[in-house]
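Written out below as structure tokens is the structure these notes cover.
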Amino acid sequence: MPRTYQLAMIGGDGTGPEVAREAQKVLDAAALRFDFKLDWETLDWGGDRYLRTGEILPDSAAALLEKKDAILLGAIGHPDVKPGILEKGILLRLRFELQQYINLRPVKLYPGVWTPIKDKGPEHIDFVVVRENNEGLYTGSGGFLKKGTPEEVAIQTAIQSRAGADRCLKFAFELTRARDRTKTLTLVGKTNVLTYEFDLWERAFHEMGEREFPDIKRDYNHVDACCMWFVKNPEWYDVIVTNNMFGDIITDLGAMIQGGMGIAAGGNLNPEGVSMYEPIGGSAPKYTGQNVINPMAAICAGGMLLEHSLREAAAAAAVDRAVKKLTSERMKSQAAGKMGMGTTEVGDAVAQFVADGI
Ligand code: IPM
Ligand code: MN
């Protein structure tokens, strides 16, 4: 009996379903080649379903997903739905309910991919951001006073627990050890201004490092300086750990230096539960149905799914090799409409390389 995995696929909105389909194609090719089986359940959650039924997510969503081995997500965000409703009601709700407390975002420049950073190549841009994914400003804690009046006040509170920081740090330290590169973990924060939140992060970071990870070098950057170094000296980084909000911001910058949203992938991980993998860009609705959107980010997210959830290391490595081959030998650009290939052709080519054992 081959190993069988249960996967959920949420195509979502805009170009989400198109890119997710190409990732599915590549994962199916990997399954065939590496002798395991994938059972897919496709879920129609997203803006269209919401506009049709008025329901954002069925109440049973988390229970259904908890039974899966992993989730592949296309993109959430619909032009006819007010911003925030679907993002909070689907993406953030699933990240929270499934306790996906790690948002893992590799910043890796593939060969042949254009970076806006002059004189930097794949040997300079290859690090990982570990973003805390369940707390901070994303808890939605706060409110208004005197809303709509001239004296209006808005309060938005960042909530950071010690336990939440500790579990995130533990993952980041272990990842740094496993990567075995410069063995440097950089905490990114703002200790000079956020003197409560980052006091907690800093103490947790050094206490854990000293106690359990003496082999890992500890570094610290203010978040603004970190943005500067991303552009000037990205090769300094090995693994970064940071809070939810800063992680959101710096990984968009990271995506740009690795070639853009077309190729930037991420995973929402619950190391003890079910994880959800997604391209980190949005749903790009204006490109829907034109076969021009780049599915590479979704394909790379699929590679992460193989590595982190299914633990099919050989299959994950094969996807990585196939992606490298395509970026270096065939794709003209990573931008939508400029790849020199269509969405489905990119998926077909990567799947073929995987099938051919390249
Ligand atoms: C991301 C996105 C989300 C976030 C939005 C859509 C809520 O920007 O995955 O980075 O802020 O986390
Ligand atoms: Mn973001």
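The values are calculated or read from the model by the stated rules, or taken from the named source; none is laboratory data. Only a predicted model underlies this, so the values are computations on that prediction, with no experimental measurement involved. FYI the Cβ positions are ideal-geometry reconstructions off the backbone, even for glycines, and counts take in every protein chain you see. Surface accessibility is based on the protein's heavy atoms, side chains included, excluding ligands, DNA and RNA. Shrake-Rupley method; radii C 1.70, N 1.55, O 1.52, S 1.80 Å.
Of the strands (runs of 3 or more DSSP E) lying entirely inside the range 137-253, the ones with 2 or more residues being open to solvent by less than 30 Å² (accessible area, probe 1.4 Å) are found at 184-189, 239-242.
Set side by side, the residues Asn233, Asn243 differ, and just one is of a type in the set (S, T, N, Q) and over 22 Å from Ser161 (Cβ atoms), which is Asn233.
The set of residues in the range 35-48 being surrounded by 20 or more Cβ atoms within 10 Å (Cβ to Cβ) and assigned to a helix (DSSP H, G or I) consists of Gly47 alone. Residue pairs whose Cβ atoms lie under 7 Å apart, separated by 6 or more positions or on different chains, with the first residue in the range 248-261 and free of Cβ contacts under 8 Å to residues at least 40 places away in the same chain and the second open to solvent by less than 10 Å² (accessible area, probe 1.4 Å) and away from ligand 1 (no atom under 13 Å from the Cβ), are Leu253/Phe230.
Do we have Lys338 as touching a Pro at 6+ places or on another chain (Cβ under 8 Å) and open to solvent by 40 Å² or more (accessible area, probe 1.4 Å) here?
No, not satisfied.
Restricting to the range 163-190, name every residue that is under 23 Å from Asp215 (Cα atoms) and touching a helix residue (DSSP H, G or I) at 6+ places or on another chain (Cβ under 8 Å). Scanning the range 163-190 gives Ala165, Asp166, Leu169, Lys170, Phe173, Lys183, Thr184, Leu185, Thr186, Leu187, Val188, Gly189. Within the span defined as the range 70-77, every residue fails to be out of contact with any Lys or Arg (no Cβ under 8 Å at 6 or more places or on another chain) and either among the charged types (D, E, K, R) or open to solvent by 30 Å² or more (accessible area, probe 1.4 Å) (or both). The number of residues in the range 41-57 that are within 25 Å of the chain's Cα centre (by Cα), on the phi < 0 side of the Ramachandran plot and in contact (Cβ under 8 Å) with a residue 12 or more places away in the chain comes to 10.
Quick one: count up the residues across the range 243-264 that are closer than 16 Å to Arg95 by Cα and more than 12 Å from ligand 2 (Cβ to nearest atom). Total satisfying the criteria: 1.
Taking the range 283-309 as the range and being within 18 Å of Asp13 (Cα to Cα), open to solvent by 10 Å² or more (accessible area, probe 1.4 Å) and in a helix (DSSP H, G or I) as the test, the residues that pass are Pro285, Lys286, Tyr287. Report, by residue number, each residue of the range 93-112 that is of a type in the set (Lys, Arg) and more than 16 Å from Ala70 (Cβ to Cβ). Those that are of a type in the set (Lys, Arg) and more than 16 Å from Ala70 (Cβ to Cβ): Arg93, Arg105, Lys108.
Scanning the range 247-271 for residues that are closer than 22 Å to Lys183 by Cα and within 15 Å of ligand 1 (Cβ to nearest atom) yields a total of 8. Quick check, is Val81 in contact (Cβ under 8 Å) with a residue 24 or more places away in the chain, of a type in the set (A, V, I, L, M) and surrounded by fewer than 22 Cβ atoms within 10 Å (Cβ to Cβ)? Criteria met by Val81.
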